[in-house]
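The values are calculated or read from the model by the stated rules, or taken from the named source; none is laboratory data. Computed from a predicted structure; not experimentally measured. Cβ atoms come from the backbone with ideal geometry, glycine included; neighbour counts cover every protein chain shown.
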Amino acid sequence: MDINKVITIITLCTLISSCELMKRHESSGYAGAAPPPMYSRSTGTNFSKSQSNVSLSDSEDLAKMESHLTTQQEIKQYYHYKPLLKTDSKRIQFLQQPGVDARNKWVKQYLFPLVKKDFNQRELEMIAKRDITVGMSRKAVEESWGSPLEKQSAGKAIRGNEMWIYKKLTPTSNGYKTEYRHVYFESGHVAGWETK
């Protein structure tokens, strides 16, 4: 190894270690600041003083849990509720429940109470079925089907007369076909819809 490289490395190490020993001025904003917590990539454990668990790879954990769904009942149940479970951490909480019955109880206890305050009973039933009905509010439709591909106003937007366009792939005997669903709102509530 070249002597100049060795000297450079030693100099850098000395500088780095001396920076660690430097005192920070109180007005700098860094005086007395605790170092950032260290994480374990494999366990997702936070090794700071609080020892709280932080997952660095929720999406990886979720993918593993999804791959462990074995029965048709588990798969159907999960993909039924998945759009309502808005974050990976909520989906992980759902999948951590032991079995289909426990997951149904978890949904009733932790998911629907959050949704109930915003929707009437009929809207809740439609949301649970991933469906819509005449009279549903725009918020309930979005909860059930997600955000539309496009929103178009009819007349003055303040009156709540709109058309929302959804795009959906539906299975056929020859593969999948694209369907466009147009949902019509009058005064902010569903007046009807059509599939094109």
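Values for this structure:
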quantity	calculated
Matching entry among Glu60, Glu123 (being closer than 30 Å to Gly188 by Cβ and modelled with pLDDT of 70 or more)	Glu123
Residue among Glu186, Glu162, Glu150, Glu194 that alone is more than 21 Å from His80 (Cβ to Cβ), among the acidic types (Asp, Glu) and either surrounded by fewer than 11 Cβ atoms within 10 Å (Cβ to Cβ) or touching a His at 6+ places or on another chain (Cβ under 8 Å) (or both)	Glu194
Unique match (being touching a residue at least 60 places away in the same chain (Cβ under 8 Å) and not acidic (Asp, Glu)) among Gly146, Gly175, Gly135	Gly146
Positions within the range 121-135 being part of a loop (DSSP other than H, G, I, E, B) and more than 19 Å from Lys168 (Cβ to Cβ), in sequence order	Val134, Gly135
